[in-house]
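**Q** Questions regarding the structure given below will be posed in turn.
The values are calculated or read from the model by the stated rules, or taken from the named source; none is laboratory data. Fair warning: this is a prediction, and the values are worked out from it, not measured in the lab. Cβ placement follows ideal geometry from the backbone for every residue including glycine, while neighbour counts extend to all protein chains displayed. Just so you know, the surface numbers come from the protein's heavy atoms only, side chains and all, with ligands and any DNA or RNA stripped out. Shrake-Rupley method; radii C 1.70, N 1.55, O 1.52, S 1.80 Å.
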Amino acid sequence: MRILSIESSCDETAAAVIEDGRRIISSVVATQVEEHKLYGGVVPEIASRRHCESINGVINETLAQAQMSLDMIDAIGVTYAPGLIGALLVGVNFAKGLSLSTGLPLIPVHHLRGHIAANYLAHQELEPPFLCLVVSGGHSHIVEVRDYTDMKVIGKTRDDAAGEAFDKAARSMGMPYPGGIHLDKAAQSGDPDAFRFPRPKLSGNPYDFSFSGLKTAVINQIHNATQRGEQLPVNDICASFRKTVVESLLTNFLAASEELGYNKLVLAGGVSANSLLRERTQQECDKRGYKCYYPPLSLCGDNGAMIGSQAYYEYKAGNTADMTLNAAATMNIASQ
Ligand code: KG4
Ligand code: ZN
């Protein structure tokens, strides 16, 4: 089964043709990041406008690279939640138009389920059940993936997402948006033990995260050093910050795996590109004899291919939509 999939939830207009949920026939990502960089973050109104301008070309290019026309496609998949509502609406309406004009089934896909499915494209042997750490610019979740379309959130952030914390810390050191990747690079040559940043102690769910206190601590550190006219030890701050975030994520992820009896751990979302997170998760899994999976760097960020993979499993589970499909800015991963 070949699915043409569309992703427009944030600042990438993306599409792909995916076969049987596991093979990428073509994949095109048009990023708007250079324009949003000017403002230090995504400007929702600009994002919607750029999606409108790009989507036709992105889909034509995706079909051209696949050397296919629409009559060789079996279904249309689209991200419908969560994300920027104006941005999502562009993809959803385009997909509805395609479905209406071709008669092809329309498959709504939850964006975070898509991030998890990026792993199915890279690891042919990977199948649920497994425990997944989904870390992106907007979300930090520990998700029990019981089956392809049966998921339960075990823990989540109470405030900032991990990616958001990376981006805000990077911004406070003058790095361009999105700063996560720049902070990760700067951290490579820094001392991770140079600064002690707080690890939150939360009451209630032991698997929840909190990153806002850590972000504030870094910003304060930078302000204090700047006010004293000191040279900012950027690489050391980045390395210490990165270590604190990664260890926070990993502590809860590993504790949840032990408590719930999972020995297959999966990373997903933009922050799964973080080099320390990948390395440390692999190390801890090796120590315990667990299987460890994360997507290749090309599939960590937003893309259409991951949506096409998940769309296949949603279709098999009977999750299709009609012309009443609407986009939603928020939606629990468990209740798609
Ligand atoms: O999944 P994604 O592309 O978009 C959302 O769905 O939010 O995630 C983007 C996030 C950004 O916050 C970005 O800074 C972060 O992923 N990110 C990283 C790295 N690469 C991307 N964070 C830390 N280290 C990286 N290497
Ligand atoms: Zn994403």
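**Q** Scan the range 1-20 residue by residue and report those that are within 14 Å of Leu299 (Cβ to Cβ) and either of a type in the set (Ser, Thr, Tyr) or more than 13 Å from ligand 2 (Cβ to nearest atom) (or both).
**A** Once the filter is applied, which keeps residues that are within 14 Å of Leu299 (Cβ to Cβ) and either of a type in the set (Ser, Thr, Tyr) or more than 13 Å from ligand 2 (Cβ to nearest atom) (or both), the range 1-20 yields Ser5, Ala16, Ile18.
**Q** So in the range 269-299, with the set limited to residues that are away from ligand 2 (no atom under 16 Å from the Cβ) and crowded, with 21+ Cβ neighbours inside 10 Å, which one is nearest to Ser309 (Cα to Cα)?
**A** By that ranking, first place goes to Tyr293.
**Q** Out of the range 115-141, which residues are within 16 Å of ligand 1 (Cβ to nearest atom), assigned to a helix (DSSP H, G or I) and more than 9 Å from Ala268 (Cβ to Cβ)?
**A** Matches in the range 115-141: Leu121, Ala122.
**Q** State whether one or more residues within the range 222-236 are under 25 Å from Cys292 (Cβ atoms), open to solvent by 10 Å² or more (accessible area, probe 1.4 Å), part of a helix (DSSP H, G or I) and in contact with a helix residue (DSSP H, G or I) (Cβ under 6 Å, 6 or more places away or on another chain).
**A** No.
**Q** Can you tell me which residues in the range 136-185 are over 21 Å from Glu247 (Cβ atoms), of a type in the set (Phe, Trp, Tyr) and within 16 Å of ligand 2 (Cβ to nearest atom)?
**A** Tyr177
**Q** Residue by residue through the range 1-42, note down the ones that are closer than 21 Å to Ile107 by Cα and of a type in the set (Lys, Arg).
**A** Arg2, Arg22, Arg23
**Q** Looking at Val145 and the list (1) open to solvent by 20 Å² or more (accessible area, probe 1.4 Å); (2) under 18 Å from Ser335 (Cα atoms), which single condition is not satisfied?
**A** Here Val145 meets the rest and fails (1).
**Q** Same structure again: Could you grab me the full set of residues in the range 283-299 that are within 15 Å of ligand 1 (Cβ to nearest atom) and in a helix (DSSP H, G or I)?
**A** Those that are within 15 Å of ligand 1 (Cβ to nearest atom) and in a helix (DSSP H, G or I): Leu297, Ser298, Leu299.
**Q** Being open to solvent by 70 Å² or more (accessible area, probe 1.4 Å), under 27 Å from Glu259 (Cα atoms) and either touching a Cys at 6+ places or on another chain (Cβ under 8 Å) or in contact (Cβ under 8 Å) with a residue 12 or more places away in the chain (or both) is the filter here, so list the residues in the range 159-216 that pass it.
**A** Those that are open to solvent by 70 Å² or more (accessible area, probe 1.4 Å), under 27 Å from Glu259 (Cα atoms) and either touching a Cys at 6+ places or on another chain (Cβ under 8 Å) or in contact (Cβ under 8 Å) with a residue 12 or more places away in the chain (or both): Arg199, Pro206.
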